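Nothing in this text is a laboratory measurement; each read-out follows from the coordinates by a stated rule. Here the structure is a predicted model, which means the values were calculated and not measured. Please note: Cβ atoms are built from the backbone with ideal geometry, for glycine as well, and neighbour counts cover all protein chains shown.
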């Protein structure tokens, strides 16, 4: 066996991911030493309760409640506590003590990223966070290094496994949102409090991290427009299927050519994705990140989203990178300088929409609706009615179902979000519209 | 504008990729400087004929026939000449003169990789080759860095766009091999001499590079088992479709647990892939690399295979990485040490097979065939006959078509390639078998 130099690795947190990381560090010690060029010695694991039961079989003497002392003696600190505090304080302490840090903490990076990266820059430390962006999918290095000579135009990501699992089962089995959520919770795919997933908070954190990296611009979490999937119901799913779409919760990070120069838009919402788009075939709890770059064209990165052992793979890849950097004398691959593009508010974004309306059954309805859209600068691409025995020419008349109510599905050309939302208010107020059933954005067409 | 240090970049070759690289280096100079932390000054382009017409609009004074002098003054050398010589000599010269090198030359790396990497190691230079593995798809950094803490079990890659285009059109349109090849040549997807693509030589070079990286083992091109797609015909395509498969030319790099320790197998051949496998939906000239890792699970990397501008994106990503390394004082991210796993010959590999036979129409045929397979240690998983009005119970009797010949399609369990090929010889010699129609491996089940 080669006689490698030893590097002291401190682990903060021993939950699902932390336990796996600790176990793999010990089980694969020889192989990791060959990869890293140094033995990665796990010197301690800081936890709140050292006597709590753990998933992995780890020696009791590794555990400590004293994170501060543990950090001081470490070359590499792995932060897997989650949450903002005490994770932030510990990470800054590790950076301050000269350690390189590895974290999977997307909440922390999305909210305190600039503070952490600046602290690292000042002392020449490196922050590794592959596991914070899309679980086990290697997306950080491709964006930071492989595409560094290219120009990313757009990222569309399915970055939350829970919501993809729910939407996929609603799509393939015609199941109800509530039923699937309950099953997902029973299977451990969804948390007891599912808010972070189903309301898009988790996806928004990842969107902020991906956009920051892709556009070399610090994107605060507050700048990410966010909508969850709780409004998606069976009729919307059915209508999407009939129209050749599937509904996915997307994180969209987009470069927008904006008159005076480029700007970016970062948003998370459920959107209609054409069935033939590669993202449409991402099933179950899987994640995928679809990247459109100026020269490279379309790329897609696909894999398991979360899960202790999958995320542990990404964390260990970062640990090996940090170790290689230590061996090389602490000189790392330089980060990009910043482009600092302006971030557009959601109102300034243009996309296509699908608007579904329930309208009264009387002549002239379509003309009225079309007039409102036209006044609102929203251009109609397609009109369809979903009533079963409808006329085959929906533009000629609006056919009624037996209850006297017809349903109009309007596909728009690209329109400004601001124009669209004002137009939807006017549609809702109109005498001929009974109800605005849904307004969905279309991505990937 | 930031006042960056200048790095001198020499380009060798100005074909489809080289012209794009040169053009992008100049067009995106400011942006690349921000990414790299240094201005990337294109100081010259070595070509055989400086007066030949070029795709990109480049100043005549950049061109030179004197590669040697150009290399001597360069910080970074980009080799896009292709072929073995003079590319090898120039690359070694660049390394010897202290430059970092970027190359897209898969033929050179697959045949002289160890020589080149060793020369670089000796002087502390770095060799970047993202564009040599799967065109524009970022696969090198994920394998080398992101998965460095994991253990790759298997790679299945669609790494040749021409053959995927041909097979995809045969599958989706029922077209003939020859017709599609001719059209692919007319469209520029296939070379006038298509041998390198359709016989699997190009895929084999990429397989050698991917396997070397994934298994930390030097894989010489001769160790890659290689079969092309020229034997794939319409009936085989139709039969595959009926059975729920699609035929893809796959590069398979596999870790095999082999009694005393791990070994690897690297092979390129057309294989049956289940329709629901993510690789089955890789259409047209696109490429994809499906990676199975112990902890990360299944990952897939998808994108355009070749193409001048796409490949240029990968090359420029490498140039930026090389530049960042220069700025950091020439200390790079260390390469992995070697695992040097043994490489299995194809005979020692186990996979599943689909064997299609034309047999005489007489009682006892199936018993005879089953006996030969059993003697050969090949276990039957499924038997089907493809004759239209066949009995629904193919195991009870072998139904005849009007010509008196029946067709048997046998799916096997995993069997040793050596056993399988000996068994196929015995089947071909058997009185009851008129013809062995096809033997295809099944991957991804």
Point to revise | Cα convex hull of the protein assembly as shown, projected area averaged across orientations, nm² | key: 41.2
Review point. Looking only at other chains, what is the average number of their beta-carbon atoms within 10 angstrom of each beta-carbon in A:308-320?
Key: 6
Exercise for review: Arrange B:19, B:218 by Cβ neighbour counts within 10 Å, fewest through most, would you?
Suggested key: B:218, B:19
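Using a 10 Å cut-off around each Cβ, can you sort B:116, A:78, A:166 from fewest to most neighbouring Cβ atoms? Provide the component values of the computation, followed by the final result.
Working: B:116 22, A:78 32, A:166 28.
Ascending number of Cβ neighbours within 10 Å: B:116, A:166, A:78.
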Review point. Which angle between 0 and 90 degrees, to the nearest 10, do you get for helix A:87-96 versus the longest principal axis of chain A when only C-alpha atoms count?
Key: 50
Practice item. Determine which residues of region A:1-26 fall in the zone a paramagnetic label at residue A:65 would reach in this model, i.e. backbone nitrogen under 19 Å from the point 7 Å along Cα→Cβ. Key: A:11-15
Practice item. Mind listing the label-point distances from residue A:284 to the same position on all other copies, shortest first, one decimal in nm, points 7 Å along Cα→Cβ? Key: 2.9
**Study point:** Dimensions (Å) - region B:14-67, Cα atoms, principal axes, largest first
**Key:** 33, 21, 16
Exercise for review: Inverting the mean 1/r over all pairs of different Cα atoms, compute the Kirkwood radius of region A:118-201 and quote it in Å.
Suggested key: 15.6
Study note, to complete from the structure: Between the Cα axis of helix A:16-27 and the main Cα principal axis of chain A, the angle (0 to 90°, nearest 10) is 40
**Study point:** Isotropic mean projected area of the C-alpha convex hull, region A:209-323 (nm²)
**Key:** 10.1
Practice item. Can you run the Rg to Rh ratio on region B:140-305? Use alpha carbon positions and the Kirkwood inverse-distance Rh. Key: 0.98
Review point. Counting DSSP beta bridges in the protein assembly as shown, what percent are antiparallel, to the nearest 5?
Key: 70
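Between residue B:30 and residue B:97, take the C-beta separation as r, use R0 = 25 Å, and let me know the FRET efficiency to the nearest 0.05. The partial results should precede the final answer.
Working: r = 28 Å, r/R0 = 1.13.
For R0 = 25 Å, the calculated efficiency reads 0.30.
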Review point. Between residue B:426 and the same site in the other copies, what are the distances in nm, shortest first, taking label points 7 Å from Cα along the C-beta direction?
Key: 8.1
Point to revise | Rh (Kirkwood; distinct C-alpha pairs) - chain A, Å | key: 23.7
Review point. Roughly speaking, what is the centre-to-centre gap between region B:150-215 and region A:97-145 when only Cα atoms are used, to the nearest Å?
Key: 37
Revision key, fill the gap. Dividing the mean separation of Cα pairs under 8 Å (6+ apart) by the residue count of region B:140-305 yields a relative contact order in percent of 33
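Which order results if A:54, B:141, B:426 are arranged by neighbouring Cβ count within 10 Å, fewest first?
On the way: A:54 18, B:141 23, B:426 13.
In order of increasing Cβ crowding within 10 Å: B:426, A:54, B:141.
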Review point. If we hang a label 7 Å off Cα along the beta carbon direction at residue A:193, how far is it from the matching labels on the other copies, in nm, shortest first?
Key: 6.9
Revision key, fill the gap. Computed over region B:1-115, the convex hull of the Cα set has an average projected area, in nm², of 7.2
**Study point:** residue B:422-residue A:435 pseudo-label distance in nm [points 7 Å out on the Cα-to-Cβ vector]
**Key:** 7.2
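To the nearest whole number, what is the average tally of beta carbon atoms from other chains within 10 Å of the beta carbons of peptide A:129-138? Provide the component values of the computation, followed by the final result.
Numbers: counts 0, 3, 1, 0, 0, 0, 2, 9, 6, 12.
Average neighbour count from other chains, rounded to a whole number: 3.
Hey, got the average number of other protein chain Cβ atoms within 10 angstrom for residues in A:283-296?
Values: counts 2, 0, 0, 4, 0, 3, 0, 1, 2, 0, 5, 4, 17, 15.
Averaged over the peptide's residues, the number is 4.
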Exercise for review: Kindly express, to the nearest 10 degrees and within the range 0 to 90, the angle between helix B:177-186's C-alpha long axis and the longest C-alpha principal axis of chain B.
Suggested key: 20
Review point. Between residue B:118 and residue B:195, what is the label-to-label distance in nm when each label sits 7 Å out along the Cα-to-Cβ direction?
Key: 3.0
Practice item. Counting helices only, and only those DSSP H runs with n ≥ 4, report the 222 nm mean residue ellipticity of the protein assembly as shown as the sum of -39,500 (n - 2.57) divided by its residues, in deg cm²/dmol to the nearest 500. Key: -10500 deg cm²/dmol
**Study point:** Cα-projected label distance for residue B:234 with residue B:84, points at 7 Å along beta-carbon direction, nm
**Key:** 4.1
